[in-house]
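Trainee: There's a structure below that I have some questions on.
Computed from the coordinates by the stated procedures, all read-outs in this text should not be read as laboratory data. Nothing here was measured: the structure is a model prediction, and the numbers come from that model. Every residue, glycine among them, receives a Cβ derived from its backbone with ideal geometry; neighbour counts consider all protein chains shown.
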Amino acid sequence: MITSVKEILTKAKEGGYAVGAFNTVNLETTRAIVDAAKKMHSPVIIQITEKTMEYAGGRLIYHLVKNDVEFYAPEIPVGIHLDHGKSFEIIQHCAEIGLTSVMYDGSRKKYEDNVEATKKVVDFCHEKGIDVQGELGSVPYLGEAGSREINWEKYMTDPNEAERFVKETGIDALAVAIGNAHGFVRERSEPDFERLSKINELCGGIPLILHGASDWENGKVAEVIKRGISCLNVDTAIRMAFVDRIINSAKKEEVSFDIRKLLEEAREAVEEVVKQKIKYFGSEDKA
Ligand code: G3H
Ligand code: 13P
Ligand code: ZN
């Protein structure tokens, strides 16, 4: 059942577990996430990015996800969300299409500019019943520092600023930077758990989101959930599983030229990843 992201996140926060926000790009990754959620009896968030909207067509991918959930898992709460919207125009476009949850990512702007741009999005969205996730501090991308060590201090969320940011913008969820990074490998070796607890304490119970969770192992995941994270974003692990399986299948002596067979294998690989993440995040049987 298509469900409000805010409701899914609030239940997770109250229940002391986290949900996964899984990126989809096509029918196969969508079905894999929906099937995993159904089999694990878990709420999930399915998210799409601007690039995916360009690739698949925004309206089409939104309705694909919506229909897939309605046909195949009507009993499971699934939220549909725009990941990393970077302009007011893309937010307007998502509202037109029918999305009821968006992220506005102003994290690379100066604090005042991030507040101004995020607040503009919140005012526009709340009037239409759309939830907004904001980001303060910034979650780096794999490779952006080249071969240099990432200067983590530059990226981290300041807890006092976060308290102000939440009040000044009116956002519904906050993405935090505590040593997490997009893509594999570049995480800070130890997340700043203390910083997370402080943010959680100061931000009045708002759901906190951890981007870049593809390579977070179990122990760290449990610790951030204990300290206030209600949602972890996973994209890279899905891409890797999908592409790896296609490559390996294509290496077999008897390569199938039935595209459906190849894609079905890739879909199964993604489903396994999503099921494992659901287990780690503690949302199994919470639907
Ligand atoms: O953090 C977001 C995604 O991993 C980037 O995905 O290539 O669809 O923009 P994208
Ligand atoms: P990963 O690159 O770790 O999968 O993070 C994805 C993400 O944060 C999407 O917003
Ligand atoms: Zn992200």
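Trainee: Are there trypsin sites (Lys or Arg not before Pro) in segment 180-287 that DSSP marks as loop and that have at most 16 other Cβ atoms within 10 Å, and which are they?
Mentor: Passing both the DSSP loop test and the Cβ count: Lys252.
Trainee: Using alpha-carbon pairs under 8 Å, 6+ residues apart, how would you state the relative contact order of the chain in percent?
Mentor: 24
Trainee: Per-residue HN-Hα couplings for segment 106-119, Karplus 6.51 cos²θ - 1.76 cosθ + 1.60 at θ = phi - 60°, whole Hz, x for Gly and Pro?
Mentor: x, 5, 8, 8, 5, 3, 4, 5, 5, 4, 4, 5, 5, 5
Trainee: Report the FRET efficiency, 1/(1 + (r/R0)^6), for His126 and Lys252, where r is their Cβ-Cβ distance and R0 is 51 Å, rounded to 0.05.
Mentor: It comes out at approximately 0.45.
Trainee: Continuing with the same structure: Going from the alpha-carbon gyration tensor of segment 122-197, what semi-axes, largest first and in whole Å, does one get by taking the root of 5 times each eigenvalue?
Mentor: Three semi-axes, in Å: 27, 14, 10.
Trainee: Further, regarding this structure: I need the calculated FRET efficiency for the pair Glu144 and Lys167, taking r as the beta carbon distance and R₀ as 25 Å, to the nearest 0.05.
Mentor: E between Glu144 and Lys167, to the nearest 0.05, is 0.25.
Trainee: Same structure again: Starting from the amide H of Val176, placed 1.01 Å from N in the peptide plane, find each other amide H under 5 Å away whose residue is 5 or more places distant or on another chain.
Mentor: Ile209, His211
Trainee: Which value does Rg/Rh take for segment 1-86 over its C-alpha atoms, Rh per Kirkwood? The partial results should precede the final answer.
Mentor: Working: Rg = 12.3 Å, Rh = 12.8 Å.
Expressed as Rg/Rh, it is 0.96.
Trainee: Hey, another quick one. In sequence order, what are the phi-derived ³J(HN,Hα) couplings for segment 267-277 according to the Karplus relation 6.51 cos²θ - 1.76 cosθ + 1.60 with θ = phi - 60°, rounded to whole Hz, with x for glycine and proline?
Mentor: Karplus values, whole Hz, x for Gly and Pro: 4, 5, 5, 5, 4, 4, 4, 5, 4, 5, 5.
Trainee: Need the C-alpha centroid separation for segment 76-152 versus segment 173-235, integer Å.
Mentor: 17
Trainee: In addition: Exactly which GluC sites (Glu not before Pro) in segment 191-227 are in a DSSP loop and have at most 10 other Cβ atoms within 10 Å?
Mentor: Answer by residue number: Glu217.
Trainee: A follow-up question, please. Using 0.36 nm times the number of residues separating Leu202 and Tyr111, minus their current alpha carbon distance, what extension gain do you get?
Mentor: Computed gain between Leu202 and Tyr111 is 31.0 nm.
Trainee: A follow-up question, please. Across segment 120-136, in residue order, what do the Karplus-derived ³J(HN,Hα) couplings come to in whole Hz, using 6.51 cos²θ - 1.76 cosθ + 1.60 with θ = phi - 60° and x for Gly and Pro?
Mentor: 4, 5, 4, 4, 5, 6, 4, 4, 9, x, 9, 7, 10, 9, x, 9, 10
Trainee: Oh, and also: Taking the alpha-carbon centroid of each part, what is the distance from segment 1-25 to segment 236-287 in angstrom?
Mentor: 22
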